[in-house]
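The values are calculated or read from the model by the stated rules, or taken from the named source; none is laboratory data. For clarity, every value in this text was computed on a predicted model and none was experimentally measured. Cβ coordinates were reconstructed from backbone atoms using ideal geometry, including for glycine residues, and neighbour counts include every protein chain displayed. Surface accessibility is based on the protein's heavy atoms, side chains included, excluding ligands, DNA and RNA. Shrake-Rupley method; radii C 1.70, N 1.55, O 1.52, S 1.80 Å.
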Amino acid sequence: MKLSFFILFFVAVQFVFAQDPRERLYNYEVINPDHVEKPKVKGWAKTRFDEKLNRGLIAVRIEKNEAYIGWRILKKDAETVTFDLYKTVDGKKTKLSKDPIKSTTDFVDESVGSGKIILYSLEDSEGDVLAETELKAIENNVFKTIKFDGDYWPDRVAVGDLNGDGEYDFVIKQPGGRVDPGVWRKSDTTFKIEAYLSDGTFLWRKDLGWNIELGIWYSPMVVYDFDGDGKAEVALKTAPIDEDFRDAEGRVFDGPEYCSILDGMTGNEVCKVDWPARNPRFGKYNRNNRNQMGMAYLDGKTPFLLVARGTYRLMIVDAYQYKNKKLEKVWRWDGDEENPVIRSQGAHGMQTVDVDGDGRDEIALGSAVLDDNGTLLYSTGLGHPDKSFFTDIIPDRPGLEGFYAVEVWHDSLGVCIVDAKTGERIWAINKFTQHIGDGMVADIFPELPGLECMATEDSKAGRTDKYLLDAKGNIIAMNEDVPSPRDWIFWDEDLLRENIVSTPNPENSNRRFSRFKSIVKYHGKTHIDSIQGTVMMMADIYGDWREELITAVPGKLLIYTTTIPAKDKRNCLMQDPLYRSDVVHRSMGYFQSPVTSYYLGEK
């Protein structure tokens with residue numbers, strides 16, 4: 001009798017859990033709701049605000065008698081722009097480029113010695129001095145080192161022009177080592193925010209106190225110029241530091257929470273507003289109740305600040321403009337917990353990009369995408385994606401696409417691509433997936449059109465399958481032949497993206513620093529190895545359009561730059577709206593490599 005009851009119970013359990021409960025609710029049909037008319041937002045900007053960038057001129061010695069020189073081309077430049085380079089040594093000025101430089105924005109100087117490099121524009125007959133820099137020696141491609149005011153390792157790094165000189169400065173959150181509330185541990189110290197100028201000058205430190213627990217979901221931070229004064233602000237989640245709201249176990253269930261704006265040069269709080277309040281509808285504690293921040297040009301002209309709470313159940317987003325040193329709320333989106341099309345659709349980050357071609361940014365929260373006016377544009381109903389990317393994956397198809405690597409198990413839809421404007425499915429993997437835990441899109445095969453798509457099962461969920469698909473959804477490799485989706489960078493002269501992979505470091509037993517990093521072409525050359533530290537960011541912050549790699553070791557940031565001569569010229573990637581917002585979002589949530597709003601690949 002007992003055995004029969006057990007068998008019946010077991011069968012019943014298998015029946016109940018034969019489908020994910022979200023699958024039973026959603027059936028994974030795209031929902032495009034009838035929009036409640038809400039007014040379009042209007043911010044402070046009359047024309048689109050863009051960061052003021054200088055030429056990012058670098059000049060580094062690569063051989064005893066050679067130096068690599070690189071600089072930015074900006075979107076304000078004419079397509080026909082040409083450049084001249086000179087070097088001054090002991091007051092003597094020598095022209096380096098025999099002919100005007102027009103096909104790239106870099107140059108290899110084969111003359112001997114040190115000196116000052118001067119960049120000219122030849123837009124007119126006289127020529128304009130654009131930038132000057134001293135030639136410097138570098139080792140293993142480390143262009144710059146930012147030393148911290150202490151021997152710690154950062155949790156997150158953000159870049160922004162804090163002093164208005166056209167160069168990116170650095171804001172860090174330290175100490176590092178705490179990732180996810182799912183593996184909660186009592187905080188043994190407090191987070192500190194620190195700012196450093198591009199030359200390494202230490203500016204300020206702000207202690208966030210015990211009420212902001214260690215962990216990325218308790219402490220989002222973004223850095224951007226939100227009021228258009230030419231200097232970036234630091235926006236972050238804060239709480240009172242003169243009271244302690246921790247319970248006996250060290251968890252913070254109570255007390256005020258704020259979104260604060262800090263002056264980038266001083267760290268002083270300029271203003272604050274209430275963070276979206278705790279609510280049982282979010283789910284228990286911060287496992288479900290996760291906090292994020294973002295930046296979006298909701299009117300196509302003004303950078304707005306986004307403040308978000310929730311991932312796995314209820315999601316709420318507040319949008320603010322920063323004007324006259326105050327945060328003004330322009331809308332709130334409240335994803336109804338009872339609506340299965342929205343519940344559990346959030347991701348571990350957000351992307352902001354114009355998906356419908358109206359010149360205004362939408363907000364991809366994962367499977368749910370918000371319109372610029374704070375209404376739901378659509379939900380794919382796919383459930384929670386561990387990774388999602390919106391970019392131009394299929395270049396011969398109009399518009400952008402969205403790539404999803406979905407954590408929820410699926411019979412066929414766990415890896416798929418949708419139309420970014422409507423959410424309609426373009427293709428799916430058509431294989432059972434248990435828990436896709438990582439993914440990426442990048443061009444790595446020059447002979448195949450479009451971006452390739454990578455997805456890997458989370459081994460902690462019991463499966464280890466890895467997939468590499470072409471832009472049309474065909475599986476072209478599996479398992480051992482699939483590169484890591486985690487970190488990708490534009491490093492060499494072509495439009496294929498390189499993989500950042502780990503290699504053993506026998507000199508260091510520390511878990512986080514026991515491996516070097518290498519920049520590797522898929523099935524090809526290793527460009528640089530013995531990269532030290534933990535990858536914090538890849539971004540186009542110096543030189544031409546290729547990306548720099550920012551890593552962290554205890555006590556400092558290391559900034560690596562390529563010295564491989566380019567074969568063409570391209571606008572600075574940081575002037576692409578999606579790429580720039582991806583870099584903004586890199587300092588909160590889980591890490592994702594930034595992508596552009598246009599197709600960037602060989603075919």
Tell me the label-point distance for the pair Y590, D481, using the 7 Å Cα-to-Cβ offset, in nm and rounded to one decimal.
2.7 nm
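Calculate, for the chain, the solvent-accessible area per residue in square angstrom, rolling a 1.4 angstrom probe over the heavy atoms of the protein chains.
41 Å²
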Over the Cα atoms, compute the radius of gyration (one decimal) and Dmax (the largest Cα-Cα distance, rounded to a whole number) for the stretch 92-207, in Å.
20.8, 66
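Taking the Cα centre of the stretch 366-504 as the origin, how large is its charge dipole in debye, to the nearest 20, when only Lys and Arg (+1) and Asp and Glu (-1) carry charge on their Cβ atoms?
520 debye
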Over all Cα pairs of the stretch 289-345, how is the pair count split among 10 Å bins, expressed in % and running from 0 up to the last occupied bin?
24, 45, 25, 5
R0 = 25 Å: FRET efficiency of Y598 with H523, Cβ-based, nearest 0.05?
0.45
Rounded to 0.05, the calculated FRET efficiency for the beta carbons of D90 and N505 at R₀ = 51 Å is 0.75
Enumerate the calculated ³J(HN,Hα) couplings along the stretch 70-77 in order (Karplus 6.51 cos²θ - 1.76 cosθ + 1.60, θ = phi - 60°), each rounded to whole Hz, writing x wherever the residue is Gly or Pro.
x, 7, 8, 9, 10, 5, 6, 6
Take the solvent-accessible surface of the protein heavy atoms, probe 1.4 Å, and return the percent of it on the chain that carbon and sulfur atoms account for.
50 percent
Nothing charged except the Cβ atoms of Lys and Arg (+1) and of Asp and Glu (-1): what's the magnitude of the dipole of the stretch 445-603 about its Cα centre? Round to the nearest 20 debye.
480 debye
Quick check: pseudo-label points 7 Å beyond the Cα along Cα→Cβ at D358 and E79, how many nm apart are they?
3.1 nm
At q = 0.13, 0.23, 0.24 Å⁻¹, the log10 of I(q)/I(0) for the stretch 492-593 from a Debye sum over equal Cα scatterers comes to -0.51, -1.39, -1.44
Expressed in whole Å with the largest first, what are the equivalent ellipsoid semi-axes of the stretch 379-494 derived from the C-alpha gyration tensor as the square root of 5 times each eigenvalue?
21, 18, 12
Could you work out the relative contact order of the chain? I mean the mean sequence separation of Cα pairs under 8 Å and 6+ apart, divided by the number of residues, in percent.
14 percent
Exactly which GluC sites (Glu not before Pro) in the stretch 57-108 are in a DSSP loop and have at most 14 other Cβ atoms within 10 Å?
E79
If you place +1 on the Cβ of every Lys and Arg, -1 on the Cβ of every Asp and Glu, and leave all else neutral, what size is the dipole of the chain about its Cα centre, to the nearest 20 Debye?
1220 debye
So the pair-distance distribution of the chain, from every Cα-Cα distance in 20 Å bins, comes to percents of 19, 54, 24, 3, 0, 0
Which entries of K40/K75; K75/K325; K136/K517; K525/K603 have Cα-Cα distances beyond 31 Å here?
none
Using DSSP to define loop residues, name the trypsin sites (Lys or Arg not before Pro) in the stretch 538-599 whose beta-carbon has at most 14 other beta-carbon atoms within 10 Å.
K567
Under the Karplus relation 6.51 cos²θ - 1.76 cosθ + 1.60, θ = phi - 60°, what is the ordered set of whole-Hz ³J(HN,Hα) values for the stretch 63-68, x standing for Gly and Pro?
9, 4, 10, 9, 9, 9
Net charge near I559, counting Lys/Arg +1 and Asp/Glu -1 over other residues with Cβ under 9 Å of its Cβ?
0
Between D242 and E139, what is the FRET efficiency for a Förster distance of 45 Å, r being their Cβ-Cβ separation, to the nearest 0.05?
0.45
Neighbour-limited loop hits for GluC sites (Glu not before Pro), the stretch 438-469 (at most 15 other Cβ within 10 Å; DSSP other than H, G, I, E, B)
E447
Rounded, prolate or oblate: pick one for the stretch 61-114, where a ≥ b ≥ c are the square roots of the eigenvalues of its C-alpha gyration tensor, a/c under 1.5 means rounded, and failing that, prolate if a/b is larger than b/c, else oblate.
prolate
Once fully extended, how much extra length lies between N65 and K325, figured as 0.36 nm per residue of separation less the alpha-carbon to alpha-carbon distance?
88.4 nm
Report relative contact order for the stretch 130-269 in percent, whole number only (criteria: Cα-Cα under 8 Å, sequence separation at least 6).
20 percent
K98 versus K147, label points 7 Å from Cα toward the beta carbon: distance in nm?
4.4 nm
Classify the stretch 232-355 as rounded, prolate or oblate from the Cα gyration tensor: take a ≥ b ≥ c as the square roots of its eigenvalues, call it rounded if a/c is under 1.5, otherwise prolate when a/b beats b/c and oblate if not.
oblate
